[in-house]
Amino acid sequence: MNLFIIKGIKIKINFLLFPFLFISLLMGYLLELTTIMIIITIHELSHSLISSYYDIPVTEIELFPFGGVARTTYYLEKKPREETIIALAGPLSNIVLFILAKAIGKYIESPIGIYEFFLYANLSIGLFNLIPILPLDGGRILRSNLTTYFGIKKATTVMIYLSKVCSMILFLLGLWFSIKDIRYVYIILLAIFIWMRVEQQDEMLDYIVMQEMISKKVNLLQLGKMEAKYIVALEFLTLKEIYHEFKVDKYYIVTVINTKGEVIGQLTESQVLQGMVEATVNTSLETLLVSLSKGKELNKVFSND
């Protein structure tokens, strides 16, 4: 459900949040939940502000029971460094709010306990989001740094496994504490929520990588230049095997050799990606070179092999 629009960004509530609003109303915690929603909205708007600075437009912010998400036209930011800075903006906004509230707290009046709750909520949300698991900001920061060394696919795969392990540990802790006090059941729900979000990342992994490769080509055309990296590969290797070596911040040139070590051709990153689209990911480098040299469509060449 849409709430309002700020600077062209839609602020909306996910339907899963309504049961929590109803329960909070019954239990007398509606003011606290509203405070949390305001803090999360500011948190996500901070991400959006920095995203806009890097020309990554944010289309909407959706509030969930355990957080929010700022949706952009890019799944990931254009560069690992930019993703780190954008991810840090959220927790930093919580720290700023905490400091400001501390500074002016004695000059304002608030309902009993709300001032202390506001401080506690900002500190908790800011620190919790720095935990290095997806989809939290800390996970995005760690993935962006891993991407520099291992590429986006390997980095995301590592983060998915790490996040699933952490969510299982969180679930077990929630189960243990809930036996003693049912109020800790929210930890179980949080663990389930994190697991579901990580599953979404897993399902979209190939799409994530392909989108980043396409956006890299767009950046190359816009800037007119990009740092290149060269790979030497044997002719029988598949496009998929080469594709896994690609990273976001460099443009790749693949020199193909035979078993004698003789150069039989050269492929650009764009040609490898096009080959994956027109044929299959298991097409060999040699087959792609043959199709390009004869000027034929790759899918026809592949089907005749």
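Per-residue 3J(HN,Hα) values for segment 46-51, derived from phi via the Karplus relation 6.51 cos²θ - 1.76 cosθ + 1.60 with θ = phi - 60°, read 5, 4, 5, 4, 5, 4 Hz in sequence order (x marks Gly and Pro). Against the main long axis of the alpha-carbon atoms of the chain, helix 80-104 sits at an angle near 10°. Calculated FRET efficiency, I13 and V232, Cβ-Cβ r, R0 51 Å, to nearest 0.05? It comes out at approximately 0.45.
Approximating the spin labels as points 7 Å out from Cα along Cα→Cβ, the T59-to-F22 distance works out to 3.0 nm. When each of L221, L273 is scored by the number of other beta-carbon atoms lying within 10 Å, the sequence from fewest to most is L221, L273. Among the listed options [x] 24.1, 81; [y] 22.4, 78; [z] 18.9, 57, the one matching Rg and Dmax of the Cα atoms in Å as calculated from these coordinates is [x].
Mean residue ellipticity at 222 nm from the helices of the chain, using -39,500 (n - 2.57) per DSSP H segment of n ≥ 4 over the full residue count, to the nearest 500 deg cm²/dmol?
-20500 deg cm²/dmol
In this simple spin-label model, placing a label point 7 Å from the Cα along the Cα-to-Cβ direction at both Y120 and N282 gives a separation of 5.8 nm.
From least to most packed, judged by other beta carbons within 10 angstrom and beginning with the fewest, D137, D202, D181 follow the order D181, D202, D137. Take the Cβ atoms of K106 and Y186, set R0 to 41 Å, and the FRET efficiency comes out at 0.85. Give me the net charge of E235's neighbourhood, meaning all other residues with Cβ under 13 Å from the Cβ of E235; Lys, Arg count +1, Asp, Glu -1. Result for the local shell: -2.
Read-outs: derived from the displayed coordinates by stated rules, not from any lab. What you see is a predicted model, and the numbers here were worked out from it, not measured in a lab. Every residue, glycine as well, gets a Cβ built from its backbone with ideal geometry; the counts of neighbours run over all protein chains shown.
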